[in-house]
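S.K.: Before anything else, here's the structure in question.
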Amino acid sequence: MEKFLYQRLDEKNPKINMWFIYPAIESFAMASLGYLAIYKDLDLNPDIFVERVYTDTKTTLLNPRDVDAIAFSVSFEMDIFNIIKIFDKYNIEKKASNRKEDDPIIYAGGPVMMSNPKPYEEFFDFITIGEKIAQKEISNVLKDKRTKKRDEILKLLSEIEGVYVPKYKKEKIKIARDDLNEEIIYTTILSDKSFFQNTFIVEIGRGCPKMCNFCLASWLNIPWRYPPYEKIIEALEKGLKYTNKIALLGAYVQGHPRFDDIIKYIAKRCEKEDIELSISSLRADLADIGLIETLVKCNQKTATIALEAGSQRLRDFIKKDLSEEQILKTIETAFKGGLKGLKIYVMIGLPTEGDNDIEELYELAKKMKSKIKELAKKSSNKHFEITLSASTYIPKAHTPFENFKRFDNKTLEKRINFLKKNLHKEGINFRVSSIEWDNFQAILSICEEDLSDFLIDTVKNGANLGAFKKTLREYIKRGLLDETVLHQKAPFNDTKVHSWNFIDTGANQLIKKRLDILVSDLEHIGSV
Ligand code: SF4
């Protein structure tokens, strides 16, 4: 069942039909704030009839032949497999250059596309390099799809700020940014099919002022923005009319200037009602006891904190401003506040990482475990668990680490095996992502060439890990893909202009400065 949290139009006399596709199953789509927020705008546009489509959609209301435009909301690199499968399922021409006058105009948006559109650009007539705000003008141009020539529409689209039309390349494209003072993003449809069933999610911040060197969420969202307290409370009130499950979302939720007031407000409501609150991730240096107690009072059992690296040296190098003392203090606060556990996120294979950094991560995990044992002796809480959740480092375009590629599989495997073996002995849960899938994501994140044929062939070969490895081997053997796309080829201080540099995030100069500092640090220690 679905509950719309806005007043839908009674009737429409649309000029065009559109599919808004989330390239994954419905439950993920209905949990995606960006997808739901843009759907609401399309749904409220009298000129557009819009149908939501997912990978598990059995039958569509619209016949594919009657669809004038198709938009994809892309959250993850791997979604591209599903996009290609959707093209096959509905018999849609995969490459934009082969589409005919009457074919639908197909575009995509989302952080993956904003950061590095090059690998995918042959699939789409245009790509949205911007946030939700760009859609308004896009809709205004697309509505004339039936009365204007395809090329005329594409030219008009290329004039919109934050729109990239590969056929009409521009020297610079500025990211179109939403004004969060004007509009706040929250769940617009509550669905019992959502991955976060009947949960009202509200975005309380976009971007992060901490600007860790690897972090796309921070470097792509400049300046970081927080909606006003009043708008957040208004949104929460709206959501609480329909559900008792609420979640606060943001890369750095505690950075909101009135975060304490928001928590106090929710805590007060929790005293009178049975409210379930969850928060995406906490900064380990800011987890104060009041916040933890509120989370527990509002039924949150565990929380996630991100350390990224185990050694102080490496945390400093990646600019994660976090000391060991703060980490251990957070464990104590989480324990005393009444949580049942903490998920601790780390990355393996960060630039400059050595075996010693991994050993220090293991030592830190042991210290966390002994801290918990020590606390448990004096408490009735005997079931507090920590889980180390790791993924391997994936370089991202538009961050100061964009020139720092991945370690080879052997080095990563060795370090992961060391942690698996030793953490297991200590009774510490350890989960880790797949090195090969992370390789795949890394290729898509930083490849500066078109990858459409490679991706189509990977889907033809099965769209699984085996297919990816097989296709990658074939392409490298035939000289169609450069092996060094994953591993270091150029020096870190390479001043080459990247294919993604035409996208102006507002931080291109800052990235250069940060990179100069990193290189000079490395020269100092003799690493370049
Ligand atoms: S603190 Fe977290 S969200 Fe902020 S820049 Fe660092 S990794 Fe990104």
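No lab work stands behind these numbers, since they all come straight from the coordinates. Fair warning: this is a prediction, and the values are worked out from it, not measured in the lab. Quick reminder, even Gly has a Cβ in these numbers, built from the backbone with ideal geometry, and neighbours come from all protein chains shown.
S.K.: Output the helices (runs of 4 or more DSSP H) that fall wholly within the range 176-279 and possess 2 or more residues being crowded, with 20+ Cβ neighbours inside 10 Å and small (G, A, S), or say none.
M.R.: 229-240
S.K.: Look through the range 377-386, keep the residues that are of a type outside the set (D, E, K, R) and more than 12 Å from I331 (Cα to Cα), and return whichever of them is surrounded by the fewest Cβ atoms within 10 Å (Cβ to Cβ).
M.R.: Ranking the candidates gives S380 first.
S.K.: Pull up the range 271-325, narrow it to residues that are of a type in the set (S, T, Y) and touching a strand residue (DSSP E or B) at 6+ places or on another chain (Cβ under 8 Å), then point me to the one that is nearest to the ligand (Cβ to nearest atom).
M.R.: S281
S.K.: Tell me the residue from I344, I348 that is under 23 Å from T294 (Cα atoms) and under 28 Å from the mean Cα position of the chain (by Cα), please.
M.R.: I344
S.K.: Which of the residues belonging to the range 86-144 are among the hydroxyl-bearing types (S, T, Y) and not in a helix (DSSP H, G or I)?
M.R.: Scanning the range 86-144 gives Y90, Y107, T128.
S.K.: Sticking with this one: Scanning the range 193-235 for residues that are of a type in the set (V, I, T) and within 16 Å of the ligand (Cβ to nearest atom), which turns out farthest from A442 (Cα to Cα)?
M.R.: Looking at the filtered set, the residue picked out is I204.
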